[in-house]
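Working notes, beginning with the structure itself.
The values are calculated or read from the model by the stated rules, or taken from the named source; none is laboratory data. Since the structure is predicted, the reported quantities are computational estimates derived from the model, not experimental observations. Ideal geometry is used to build each Cβ from the backbone, glycine not excepted, and the neighbour counts take in all protein chains shown. Accessible surface areas use protein heavy atoms only, side chains included; no ligands, DNA or RNA. Shrake-Rupley method; radii C 1.70, N 1.55, O 1.52, S 1.80 Å.
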Amino acid sequence: MPSHRELANAIRALSMDAVERAKSGHPGMPMGMADIAEVLWNDFLHHNPADPNWLNRDRFLLSNGHGSMLLYAVLHLTGYAISRDDLRHFRQLHANTPGHPENIETPGVETTTGPLGQGLANAVGMAIAETHMAAQFNRPDFPIIDHHTYAFVGDGCLMEGISHEVCSLAGTLKLGKLIVFYDDNQISIDGDVQGWFTDNTPQRFASYGWHVIADVDGHNSDAIHQAIVAAQAEKNRPTLICCKTVIGWGAPTRAGSAKAHGEALGEAEIAGARAQLNWPYAAFEIPSDIAAGWDARSKGAARQQQWQDTFTRYTAAFPQLAAELQRRRARTLPNNWLELVNALLTDTQQKQENIATRKASQLCLNHFAPHLPEMLGGSADLTGSNLTNWQDVGIFSADNHAGQYLYYGVREFGMSAIMNGLALYGGILPFGGTFLVFSDYARNAVRLSALMRERVIFVYTHDSIGLGEDGPTHQPVEHLPSLRLIPGLSVWRPCDTVETVIAWQMAIERINGPTCLALSRQNLAYQSRTATQIENIRRGGYILKDCSDTPDVIIMATGSEITLALDTAAELTQDGLHVRVVSMPSVDVFLAQDAAYQASVLPKKVKVRVAIEAAATDGWYRFVGSEGCVIGLDQFGLSAPAKDVFCAYGFTVENIVARINICVTQEKTS
């Protein structure tokens with residue numbers, strides 16, 4: 001039987017060979033953390049290579065994702081669907097071994113990592129998910145959900161501010177099944193970190209309430225094993241295992257230096273490493289005894305079968321719980337879902353309330369959430385402003401893991417990345433709120449949510465200069481158009497209660513990507529609609545008010561500016577113009593419609609088009625063309641009551657009528 005070191009050297013060899021063949025990549029971390037990975041995966045990790053989505057598997061996240069070859073090597077060696085040829089095509093076009101781990105590309109990869117610290121945040125989300133789902137579904141003698149979440153992190157992950165956000169919260173929530181390995185090699189891209197990172201990391205994490213195991217020799221298999229045993233024995237605190245390692249361990253001249261971090265070692269250095277590691281095999285060659293020592297397929301299948309036997313008995317004892325768990329894992333909605341939606345739409349049409357869309361959003365939560373136990377919501381310390389809680393919701397805490405509402409504290413970035421982890425875990429529909437302007441803090445997590453096509457809902461309130469007195473620091477300007485630029489992110493800005501209900505419906509039903517809801521602070525007027533118009537809201541843009549003849553002017557608007565568009569249309573109609581008003585709550589959904597529908601709403605022959613939105617203007621020119629105009633905001637806001645700010649920036653009927661009349665005159669004379 002090969003030794004721990006010989007098994008670990010297989011990771012080192014495959015990693016340096018793949019990076020060398022690609023002439024691109026990061027061999028240092030895989031070579032430095034190989035001994036830790038070998039002990040964890042061979043002695044502790046519960047997983048089944050034949051079923052990467054097994055519910056009760058341990059989760060392993062590589063937060064320092066530049067070391068992706070460590071993960072690919074381990075997945076290949078243990079028996080996942082990653083071949084030797086896949087390793088040879090590391091970082092090549094359409095390979096399932098991309099430069100950084102991507103969960104939608106590679107079996108066994110739990111999350112997309114690379115932007116440092118976010119994998120750690122995803123791990124916190126998955127640890128929350130494990131405790132939450134266990135509290136909801138486990139019963140005495142039936143530990144259906146009972147596993148650990150492990151993460152590898154490096155110096156870069158801990159330098160990123162998100163690490164503070166999420167690790168502070170993890171300690172408060174007492175996530176005892178979260179175990180993090182810190183690769184303390186003292187090297188980052190610029191060299192020895194002593195010049196810029198001298199934190200006392202063990203004391204830092206102890207202050208968060210973590211169990212800290214310091215000064216573990218990351219190249220001593222026995223020490224690593226003992227540390228993991230101690231970590232698993234700690235039930236009430238997450239554990240940080242601080243492993244002293246040498247980056248590029250085994251490379252004769254580059255080990256311990258930044259030269260081992262992010263570039264191929266070169267043929268001579270690899271030859272020296274092979275000699276130093278006593279690895280006399282050709283590139284990508286794994287001897288049969290070492291391959292057998294790594295193969296986890298039989299053990300994994302047996303472990304999953306044992307769990308399946310328990311789940312079969314659980315299904316017999318608790319058939320409704322088992323069915324609910326399977327429904328949630330499949331991301332299907334309750335059978336009465338459409339009835340729930342229609343009932344709320346009927347109620348909003350009967351009441352015809354003039355309320356803020358953030359309040360309309362809370363009405364949706366009060367109506368939907370009791371029927372959707374998969375919803376796990378929260379806010380970054382703005383619950384009373386975002387209105388993201390709902391009636392009688394239980395609070396998720398260290399003492400109540402079954403609660404469906406989580407107070408994230410002032411941690412917008414951390415909250416968003418944790419929600420990605422919750423969604424990735426499965427069986428949970430996460431949403432979280434903050435002000436739209438603070439989406440900037442969270443943007444990279446939102447981007448990764450879209451990249452991973454995860455079902456996450458971002459609730460962004462105070463969506464414009466309409467928030468008023470808090471002034472330009474809190475008034476979003478560029479945020480709506482910038483969010484619309486993220487591929488795969490659906491953005492909704494509803495104008496009243498009915499559009500808000502539809503926006504929530506679309507967000508909940510969407511299973512292949514995240515959604516942003518941009519909601520107003522101020523009250524907005526209810527708009528009457530026909531059944532056809534309500535149905536067309538789901539198409540992202542629709543005719544809210546039409547004229548009896550071919551339009552002279554089309555006015556399109558979103559959110560709070562819809563009322564302004566309607567008032568402007570009324571004024572122009574009195575002047576003898578034919579005006580159509582289009583509500584465009586979701587630009588991306590409208591653009592996904594067929595060309596015929598788009599043309600029916602925005603016929604090409606109508607040249608005078610005006611878009612009204614209290615945000616940066618660039619994105620609207622695709623709709624208004626060179627002969628139209630955009631009433632928007634390409635500067636920062638002001639601190640004053642909302643009405644005064646809107647007036648100061650020309651969001652008035654008088655100004656817009658004047659602008660449109662100029663356009664009409666130009667069209668007639670052209």
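Structure notes:
- When only the Cβ of Lys, Arg, Asp and Glu is charged (+1, +1, -1, -1), the dipole of the stretch 275-359 relative to its Cα centre reaches about 320 debye.
- Against the chain, whose longest principal axis is taken from its Cα atoms, helix 497-509 shows a tilt of about 30°.
- Counting only DSSP beta bridges whose two residues both lie in the chain, roughly 15 percent are antiparallel.
- Around Thr573: net Lys/Arg minus Asp/Glu count, Cβ-Cβ under 13 Å: -4
- Cut-off under 5 Å, modelled amide H: who pairs with Gly433 long-range: Gly378, Ser379, Ala380, Val459
- Charge context of Ser449, other residues only, Cβ under 14 angstrom, K/R +1, D/E -1: +2
- Rounded if a/c under 1.5, otherwise prolate or oblate - the stretch 319-430, Cα gyration tensor axes: oblate
- Pairwise centroid distance, computed over Cα atoms, of the stretch 101-161 with the stretch 439-498, Å: 25
- Extent of the chain along its three principal axes (Cα atoms, max minus min coordinate, largest first): 90, 59, 45 Å.
- When peptides 152-158, 642-648, 31-37, 300-306 are ranked by their average number of other Cβ atoms within 10 Å per residue, the highest-first order is 31-37, 152-158, 642-648, 300-306.
- Where the chain is the region considered: accessible area per residue in Å², 1.4 Å probe: 37
- Among the listed pairs Lys23/Lys177; Lys23/Lys244; Lys359/Lys605; Lys351/Lys643; Lys235/Lys299, those beyond 30 Å (Cα-Cα): Lys23/Lys177; Lys359/Lys605
- Seen through its C-alpha gyration tensor, with square-root eigenvalues sorted a ≥ b ≥ c, the stretch 269-355 comes out oblate because a/c lies at 1.5 or above while a/b is not bigger than b/c.
- Solvent-accessible area assigned to carbon and sulfur over the stretch 1-133 amounts to 46 percent, based on a 1.4 Å probe.
- Spin-label pair Ala233-Ala525: with each label point 7 Å from Cα along the Cα-Cβ axis, the two points sit 7.1 nm from one another.
- Segment Asp309..Gln352, full-extension length gain: 10.1 nm, with 0.36 nm per residue of separation and the alpha-carbon distance subtracted.
- Reach of Lys668 by Cα under 15 Å, taken over aspartates and glutamates that are not fewer than 8 positions away in the same chain: Asp552, Glu627
- Residues with amide H under 5 Å from that of Gly114, placed H, sequence gap 5 or more: Gly65, Gly119
- Charge dipole (the chain, unit charges on Cβ, about Cα centre) - positive-most of Leu71, Thr568, Leu45: Thr568
- Listed values for the stretch 599-616 are Karplus-derived 3J(HN,Hα) couplings in whole Hz (6.51 cos²θ - 1.76 cosθ + 1.60, θ = phi - 60°), namely 5, 5, 8, 10, x, 4, 6, 8, 8, 8, 10, 10, 10, 10, 7, 7, 7, 4, and x replaces Gly and Pro.
- The Cα trace of the stretch 222-368 gives Rg and Dmax of 28.5, 80 Å, the first to one decimal, the second as a whole number.
- The charge dipole of the chain, taken about the Cα centre with unit charges on the Cβ atoms of Lys, Arg (+1) and Asp, Glu (-1), comes to about 980 debye, rounded to the nearest 20.
- The stretch 509-592, accessible surface, carbon-and-sulfur percent (1.4 angstrom probe): 45
- Working note: Cα gyration tensor of the stretch 152-311, eigenvalues times five, square-rooted, sorted largest first, giving semi-axes of 30, 27, 13 Å.
- Protection proxy ranking of 312-325, 464-477, 628-641, 521-534, by the mean of other Cβ atoms within 10 Å over each peptide's residues and highest first, is 464-477, 628-641, 521-534, 312-325.
- Neighbours of Glu267 by Cβ distance under 12 Å: Lys/Arg scored +1, Asp/Glu scored -1, total 0.
- The spacing between the stretch 591-632 and the stretch 61-87, judged by their C-alpha centroids, is 47 Å.
- Helix axis angle, 68-78 relative to the chain longest principal axis, alpha carbon, degrees: 60
- Rough spin-label spacing in nm, given labels placed 7 Å along Cα→Cβ, for His164 and Thr563: 4.1
- Accessible surface of the stretch 215-279, 1.4 Å probe: 47 percent of it comes from carbon and sulfur atoms.
- Where N is the number of residues in the stretch 492-613, Cα Rg divided by 2.2 N^0.38 Å: 1.04
- Bins of 10 Å, starting at 0 and running to the largest distance - Cα pair percent for the stretch 4-156: 12, 41, 34, 11, 3, 0
- ³J(HN,Hα) computed for each position of the stretch 512-517 - Karplus, 6.51 cos²θ - 1.76 cosθ + 1.60, integer Hz, glycine/proline x: 10, x, x, 9, 10, 10
- The stretch 187-202 - phi-based ³J(HN,Hα) in whole Hz, Karplus 6.51/-1.76/1.60, Gly and Pro as x: 10, 10, 4, 7, x, 5, 6, 4, x, 8, 8, 10, 4, 8, 4, x
- Once backbone amide H atoms are built at 1.01 Å from N, Leu524 has Ile355, Ala356, Thr357 as its partners under 5 Å, excluding neighbours fewer than 5 places away on the same chain.
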